[in-house]
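Here the structure is laid out as structure tokens; the discussion comes afterwards.
Read-outs throughout are calculated quantities, based only on the coordinates presented, and are distinct from any laboratory measurement. As the structure is a prediction and not an experimental result, all values here were calculated from the model. Quick reminder, even Gly has a Cβ in these numbers, built from the backbone with ideal geometry, and neighbours come from all protein chains shown.
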Amino acid sequence: MNQHGALDYKTGKQILKLLEDTCRKENMTVLIITHNTAIAPMADKIIHFKNGTAESIEINQNPMPIENIEW
């Protein structure tokens, strides 16, 4: 059993898909805070932090569906 709280790849993608679908359907905002930059293309907005400060903010005009993202 994984003791670090991380999800396996398949479960992680299922959870991200559920969040993605719910956000679009319910017009909600979800924040995902992660070190996994590979999932950034699915985001509408990406905020990069460095030393506890927002270093940059990117607006993603064409978010990629989670099904098309691999890591």
What number of residues within region 54-67 are under 17 Å from Arg24 (Cα atoms) and not aliphatic (A, V, I, L, M)?
6
Those residues of region 52-71 which are in contact with an Asp or Glu (Cβ under 8 Å, 6 or more places away or on another chain), β-branched (Val, Ile, Thr) and more than 16 Å from Asn36 (Cβ to Cβ) amount to Ile59
Tell me whether region 46-60 contains one or more residues that are exposed (fewer than 10 other Cβ atoms within 10 Å of the Cβ), part of a helix (DSSP H, G or I) and out of contact with any Cys (no Cβ under 7 Å at 6 or more places or on another chain).
no
